[in-house]
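One structure below.
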Amino acid sequence: MFHGPVLELPILIDGFREWTELPTFALVGLWAGLVALVFQRLLLVCARWFHARARSNAAAIAATGAWGGLLGVVLLEWPQLLGIGHELFATSIAGTLPLAVAAAALAARIPLTAVSYATGAPGGLIVPALLFGVLSGHVFADGFVAAVGTVEPDFHAVCLVAGMAASIGALFRTPLTAMIMAVEITGAYSCLLEISIAYVASHTLLGLAREPELYSALKRIHASHG
């Protein structure tokens, strides 16, 4: 799955999805876009708070120390929530991660990633965005099956790939990068149409919410408190 600096998430997809299922992937995109929207807004709020207090306010130092202590507790109790998320990726792709656990992990990873990044802790946002997409797709697929019943055999797998593309696209507004990255790291070249539908839905949601591209927004915050 992880080969040095290269992230690979092989997802097997067989067969052709029914045309009637295609609108469903717009819902996958909207769901992944909503998750991305929550994450982005929380991250920007945290970034503004820490940047405003980074130079002179002891509160930022105390908050960072307290957050580090909380991460230590999480590391002891649920280590899968920290780092890249190897186990969350693997169990989501295998379809063995229970729906409730996936939803809880997604809800926990959003603030853990947002606050940690805002404190200046080393790490990027691409892999967390991919993990949000995988978990979002997994939660959607399992919830959809629970509500509707029978679906195509590879429905879950396509939801994962579509969720990844939608998450990357929503946060960074890079349509080609989002789609190419999703298919390159999964090998799911046969579901470009579903990926495109999910991306358009998530991008539209963030646009309607008037959310800026994430890195540009973070750069403005850094410049305003530089």
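Counting just the residues of the stretch 151-199 that are modelled with pLDDT of 85 or more and β-branched (Val, Ile, Thr), which one comes out surrounded by the most Cβ atoms within 10 Å (Cβ to Cβ)?
That would be Val161.
Does Thr204 count as β-branched (Val, Ile, Thr), out of contact with any Pro (no Cβ under 9 Å at 6 or more places or on another chain), in a helix (DSSP H, G or I) and farther than 19 Å from Leu9 by Cα?
Taking the combined requirement at face value, the residue satisfies it.
I'd like to check something: does the stretch 200-220 contain any residue that is charged (D, E, K, R), buried (at least 20 other Cβ atoms within 10 Å of the Cβ) and out of contact with any strand residue (DSSP E or B) (no Cβ under 9 Å at 6 or more places or on another chain)?
no
Condition (residue is part of a helix (DSSP H, G or I), polar (S, T, N, Q) and more than 24 Å from Phe172 (Cα to Cα)) applied to the stretch 50-59: is it met by at least one residue? Even if it seems obvious, please write down each step before you answer.
The initial filter retains those residues of the stretch 50-59 that are part of a helix (DSSP H, G or I), namely 50-53, 58-59.
Next, from what is left, pick out any that are polar (S, T, N, Q): none.
Looking through the stretch 50-59, none of the residues is part of a helix (DSSP H, G or I), polar (S, T, N, Q) and more than 24 Å from Phe172 (Cα to Cα).
The values are calculated or read from the model by the stated rules, or taken from the named source; none is laboratory data. All figures in this text were calculated on a predicted structure; none of them were measured in a lab. Cβ atoms come from the backbone with ideal geometry, glycine included; neighbour counts cover every protein chain shown.
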